[in-house]
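Data block below; observations after.
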Amino acid sequence: MRTVDVIIPTYKPDISLFRLIDDLEKQSLRPEHIIIMNTEKEYWDQLIESSRENPQDKYDNIILQHVSKEEFDHGETRNKGVALSNAELFLMMTQDAFPKDKMLVSSLAKAFDGDVAAAYARQYPRSDCNLAERYSRKFNYPNEAIRKTQADVNRLGIKTYFCSNVCAMYSREIYNVIGGFTHKTIFNEDMVYAGNACQKGYAICYVPEAGVIHSHNYSCAQQFHRNFDLGVSQTDHPEIFGGISSETEGKRMVGQTIQHFRHLGKSYLIPHYIIMCGCRWLGYKLGRNYKKLPKGFVIACTMNKDYWK
């Protein structure tokens with residue numbers, strides 16, 4: 001089995017990060033290193049002081065590097081984390097995703113053959129997850145494994161490039177060929193990378209046997225801001241998203257979710273869900289057209305305000 005490092009960007013982490021580190025250390029394929037790319041040293045120091053724990057004292061394979069909030073970038077900060085790794089494979093995770101079992105790392109590592117650039121895990125909802133978000137997990141993360149290449153674009157559309165750095169493993173060799181993640185990106189660095197990989201002849205794998213617990217109950221406003229930045233990222237990368245529409249896939253999920261509510265006898269949830277989808281759509285459309293908008297309005301719409309400084 002090839003060597004694996006885990007890279008986790010963090011911001012204002014709480015004690016649950018230490019539980020995530022414990023879970024990773026107990027994996028059947030133990031990471032060579034766990035690399036923490038922490039934004040703002042003061043928040044890390046506060047956590048160590050309040051918890052009276054320090055994973056660097058507990059484990060011998062923790063690498064910690066701090067960046068300022070102004071320096072943080074979704075793509076470049078991850079590139080800096082990769083630069084600290086010598087492993088053949090590296091696993092990107094977020095601080096709020098937790099392995100479902102001890103086989104997460106090994107299950108993803110098994111997906112790699114000669115042309116696999118990345119393999120991403122299945123996401124399971126948290127216990128407090130609302131029904132709409134719970135169904136979106138089922139829609140985006142099915143039971144069947146998927147291997148995607150550029151030849152699948154006509155059949156799968158934008159889902160060909162779907163990959164999530166909530167939990168995704170990468171081949172270091174292919175990463176070096178591609179040139180890493182986009183060096184400045186507002187969001188969506190994982191799909192930009194996957195699109196580049198597919199267009200260069202590599203494959204992206206979905207591995208349902210590898211699972212993490214991860215979900216959010218976003219408000220309508222949060223959905224608006226998040227989808228605004230999604231639209232910005234797609235506009236900024238026409239070489240990846242220019243010829244592919246993401247709205248068809250979105251409409252299919254909306255229709256299936258509404259049918260799911262009806263099947264459960266919970267049609268009363270539909271009006272709020274439609275309003276939430278409207279916020280998503282409006283945010284996405286404005287993001288796609290952000291170059292036509294006043295700078296102040298863009299700042300009001302975005303989730304990542306520091307990106308525009």
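Results, tabulated for the structure shown:
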| read-out | value |
| --- | --- |
| Added length on full extension, which subtracts the Cα-Cα distance from 0.36 nm per residue, Lys266 to Glu49 | 73.5 nm |
| Cα centroid of segment 241-294 to Cα centroid of segment 1-18, whole Å | 32 |
| Loop-located trypsin sites (Lys or Arg not before Pro) in segment 176-239, at most 14 other Cβ atoms within 10 Å (DSSP) | Lys184, Lys200 |
| Helix-only [θ]222 nm of the chain, DSSP H runs n ≥ 4, -39500 (n - 2.57) each, per residue, nearest 500 | -12500 deg cm²/dmol |
| Among Cys163, Cys198, Cys220: highest mean-square fluctuation, GNM of the chain, C-alpha pairs under 10 Å | Cys220 |
| Estimated inter-spin distance, Lys41 and Asn217, nm [label 7 Å along Cα→Cβ] | 3.8 |
| Qualifying trypsin sites (Lys or Arg not before Pro) for segment 77-111 [loop in DSSP, other Cβ within 10 Å: at most 12] | none |
| FRET efficiency for Gln259 and Ile63, using Cβ-Cβ distance with R0 set to 41 Å, rounded to 0.05 | 0.30 |
| Rounded if a/c under 1.5, otherwise prolate or oblate - segment 82-141, Cα gyration tensor axes | prolate |
| Pair Leu156, Asp101: separation of 7 Å Cα→Cβ label points (nm) | 2.4 |
| Across the chain: Cys residues that no other cysteine approaches within a C-beta distance under 4.7 Å | Cys129, Cys163, Cys167, Cys198, Cys205, Cys277, Cys301 |
| Mean shadow area of segment 144-292, taken as a quarter of the surface of its Cα convex hull (nm²) | 10.2 |
| Calculated FRET efficiency for the pair Thr235/Gln56, C-beta based, R₀ 51 Å, to 0.05 | 0.80 |
| Loop-located trypsin sites (Lys or Arg not before Pro) in segment 234-274, at most 14 other Cβ atoms within 10 Å (DSSP) | Lys266 |
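Every number here is computed from the coordinates shown, using simple stated rules; none is lab data. All figures in this text were calculated on a predicted structure; none of them were measured in a lab. No Cβ is skipped: glycine too gets one built from the backbone with ideal geometry, and neighbour counts run over all protein chains shown.
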